[in-house]
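Working notes for the structure below.
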Amino acid sequence: MFDLWDKVQQVLHINTPRGFTGGIVHQNQYKITGGDSIVASPLPDMLVHPIKQHIGDPCEPIVNVGERVLKGQMIAKAQGYLSVPIHASTSGVVEKIEKHLIPHPSGLGLTSISIKPDGLDEVDESLHPLPNYRSVDIVELRERIRHAGLAGLGGAVFPTFVKLVHDQKHPIETVILNGIECEPWLTCDHQLMIEKAHEIITGLDIVMYLVDAKQGIIAIEDNKPDAVTVMRKTLKDMGLTDTVEVKVLPTRYPQGGEKQLIQAITGKEIPAGGLPLHIGVISSNVGTSKAIYDAVCLGEPLTERIITVSGDAVPKAVNMSVRLGTSVRFLLAQVGVTGFDDIKIIHGGPMMGELMVDADVPVVKASNGILAMHKQSIMRAHHDEEPCIRCGDCGEVCPAGLMPNLLAQHCKEDQFERAQDYNLFDCIECGACSYVCPSHIPLVHYFRYGKGQVAQIQREKAFAEESRMRSEKRDARLAKELAEKEEKRRIAKEKKEARAKALADKQAAEDATLSVEAENANENADKGVAKAVDKSEEAS
Amino acid sequence: MEFLYPVFIFAILALVIGVGLALASRYFHVEGDPLSDKIDALLPQTQCGQCGYPGCRPYANAVAADEVSVNHCVPGGERTMLAIADIMGVEPKAIEEEETVPVVAYIREDECIGCTLCIKACPVDCIIGAPKQYHTIVADHCTGCTLCLEPCPVDCIDMVETPELLEHWAWPVPGTKRAIKAETRKASHEDADV
């Protein structure tokens, strides 16, 4: 009876025992790399740093070609508010600053700083360690976190310092540390929690001090019992059990999504277009937390990260600690991948990762996983798109509560306004809908296409608006110039007429005087003549 | 007498409404033509004159006045045409000329003689220069209308394709690449079967 009621509840989404709506449970795909300790990747012969590795504005290079840089030295400074600087990940000489392929599905390049390592690995020590962070001013700490180039290492690379504001309007009560692995095959966060528990918890403590939060939660899924044990033990050792607790959640994808995790833990849903801090919560990835520890307590900027290197073309999948800027080709060669003709490289995880066009892309701050897959296995998983049968499975699994079937239909038909009415932009592109679709419709591809087109249309509109303004101003200016010319012409004409009139008047007056004189003269002449005649008459 | 009441009532009602309408038409009077404003807002504002009118606004006026069909805006493409047809309530008509890739003008400065003729021709004021000085085009503002090509006496202006920017890159329509891949896969399977 109760079982039946539970089932009804689940089907109707009333009081669901799951933390967030929707989501899927993957079978048998876990732990391809789990359990082995993190391997440090050796120094490659070239490190390439693209000038934009975060969400926001690109950085500006501050080094020149030929200059020697040290490990941890800032090589590109932040521009604008939503931006964090980039640091060299080893000591060496800047070889070139030009366009280089970056891990982006377009295969387009971005200005990148290439550094030839000198093998000395000399460290720039301009950032002094602040082990007693609780006695440091929070403004300075926040500036330090920005200066160290920290961006969310879970994959979204949102500048970390932006979140860490102590805002009176939205006081932060809870800091959630995201120890859910964001994608099924990746285990970099799992392994990091086992190996660097102390650093991660110290990082959490720094964040809690910065935003003045009372409560810290470390969220871990129940498929990582070893990580839970380690974290609980470390918390006890550090004496933080009063303020920080470890919460174990049932494994479900995409629980690692920020909104989903917060909903799963607090039961509060972040409003559409809102931020976690609007409901008094901030969340941070465990990798970011460790990087915060490094930046504050050790004075080390973000120059390396943990990456899961996996996929069916990799003989032995492994978690590696990799310097940012290392080429993916070099990384895969370290794990025994030699031939690249027959494999495809996915940057990210199996659900949300993007297919790379080339292996010569550098590792960036966003790289949480590199998957090398045989072409055949990708093609085997590929199916032709069939018509939608309206089964509703996609709506069932959508963690954002959208209706993917309708959204995809509208995007397909280029009805982007309708798609926006169905909240296209609340889609987090987790891929759960495409994963369950029995008709193999690439739903997320349609949403990405739709989002891109909407952005394009908005850009075109803005450009058209600007062009209209310029054109109208030009027309107004031309009209004004014309009017001024007309006015000048009119004035000139008037002046000319006036002058002509004056001249004519003068002429007339002169004529008049002349004629009077002439008349007088004539008269005189007449008189003279008359006189003469008289005289002559007299004479005769 | 009672049969006249309704007549009075309606006469008074008609008077009140009539006065109300008269006042409304005076106080809520809209300047300009709202229909042509709407159409103008849809046009891409390249001011290129390919529609046969000197700019986007005159074309919008002409369409609003039903003087010309909706399919003459080449840079606007099919989307703009459909939107205008929707507003005008007419059947969509295919655009006769082919849609072109977005371009901007570029002046080869070595050859420019500084005659300022192109500056005068530019409908959006995006050419900078002075008499006897090199001119140059502000590519960010250029609408690619090609109106500067004609007056240039030394033909030193080229139309160049705008480079694809990383931040403007958008995902292509799904299915195209996949379809090609699926085709090749099918072909290989068929070969294997044979």
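The values are calculated or read from the model by the stated rules, or taken from the named source; none is laboratory data. Computed from a prediction, not measured in an experiment: that's the story for all the values here. Backbone-built Cβ (ideal geometry, glycine too); neighbour counts: all protein chains shown.
Counting the residues of the range A:107-137 that are touching a residue at least 40 places away in the same chain (Cβ under 8 Å) and under 26 Å from the mean Cα position of the chain (by Cα) gives 7.
Quick check on the range B:36-60: of everything there that is surrounded by 18 or more Cβ atoms within 10 Å (Cβ to Cβ) and among the aliphatic types (A, V, I, L, M), which residue is farthest from the other protein chains (Cβ to nearest Cβ)? Per the criteria, the residue is B:Ile39. In the range A:328-337 there is at least one residue that is surrounded by fewer than 16 Cβ atoms within 10 Å (Cβ to Cβ), over 21 Å from A:Gly107 (Cβ atoms) and out of contact with any Asp or Glu (no Cβ under 9 Å at 6 or more places or on another chain).
For the range B:122-131, what are the residues that are assigned to a loop (DSSP other than H, G, I, E, B), out of contact with any Ser or Thr (no Cβ under 6 Å at 6 or more places or on another chain) and within 13 Å of chain A (Cβ to nearest Cβ)?
Restricting attention to the range B:122-131, the residues satisfying the condition of being assigned to a loop (DSSP other than H, G, I, E, B) are B:122-126, B:129-131.
Subset that is out of contact with any Ser or Thr (no Cβ under 6 Å at 6 or more places or on another chain): B:122, B:125-126, B:129-130.
Correct list: B:Cys122, B:Asp125, B:Cys126.
Considering (1) outside any loop (DSSP other than H, G, I, E, B); (2) more than 14 Å from chain A (Cβ to nearest Cβ); (3) among the β-branched types (Val, Ile, Thr), the lone condition that B:Ile119 does not fulfil carries the number (2). When the residues of the range A:101-126 are filtered to those that are in a strand (DSSP E or B) and of a type outside the set (A, V, I, L, M, F, W, C), the one that is nearest to the other protein chains (Cβ to nearest Cβ) is A:Gly109.
It is to be established whether one or more residues within the range A:189-205 are touching a His at 6+ places or on another chain (Cβ under 8 Å) and farther than 16 Å from A:Pro276 by Cα.
No: zero hits.
If I filter the range A:337-354 for residues that are within 19 Å of A:Trp185 (Cβ to Cβ) and not assigned by TED's automatic domain parsing to the domain that holds A:His49, do I get at least one hit? No, the range A:337-354 contains no residue that is within 19 Å of A:Trp185 (Cβ to Cβ) and not assigned by TED's automatic domain parsing to the domain that holds A:His49. Looking only at residues of the range A:461-478 that are of a type outside the set (A, V, I, L, M, F, W, C) and surrounded by 18 or more Cβ atoms within 10 Å (Cβ to Cβ), we find that the one that is nearest to A:Glu429 (Cα to Cα) is A:Ser467.
Within the range B:132-167, the only residue that satisfies the criterion of being surrounded by 14 or more Cβ atoms within 10 Å (Cβ to Cβ), at positive phi and away from chain A (no Cβ under 11 Å) is B:Thr146. The single condition from (1) more than 9 Å from chain B (Cβ to nearest Cβ); (2) closer than 20 Å to B:Cys142 by Cβ that A:Phe425 fails is (2). B:Leu82 meets all of the listed conditions (1) more than 14 Å from chain A (Cβ to nearest Cβ); (2) assigned to a helix (DSSP H, G or I) but one, namely (1). If B:Ile87 meets every condition in (1) more than 14 Å from chain A (Cβ to nearest Cβ); (2) not in a helix (DSSP H, G or I) apart from one, which number is that one? Every listed condition holds for B:Ile87 apart from (2). Does A:Arg489 satisfy the condition of being basic (Lys, Arg) and under 40 Å from the mean Cα position of the chain (by Cα)? Taking the combined requirement at face value, the residue does not satisfy it. Of the residues making up the range A:247-270, those that are in contact with a helix residue (DSSP H, G or I) (Cβ under 7 Å, 6 or more places away or on another chain) and buried (at least 21 other Cβ atoms within 10 Å of the Cβ) number 5. All of A:Arg474, A:Arg459, A:Arg468 fail the test of being within 14 Å of chain B (Cβ to nearest Cβ) and either in contact with a Pro (Cβ under 7 Å, 6 or more places away or on another chain) or of a type in the set (Gly, Ala, Ser) (or both), apart from A:Arg474.
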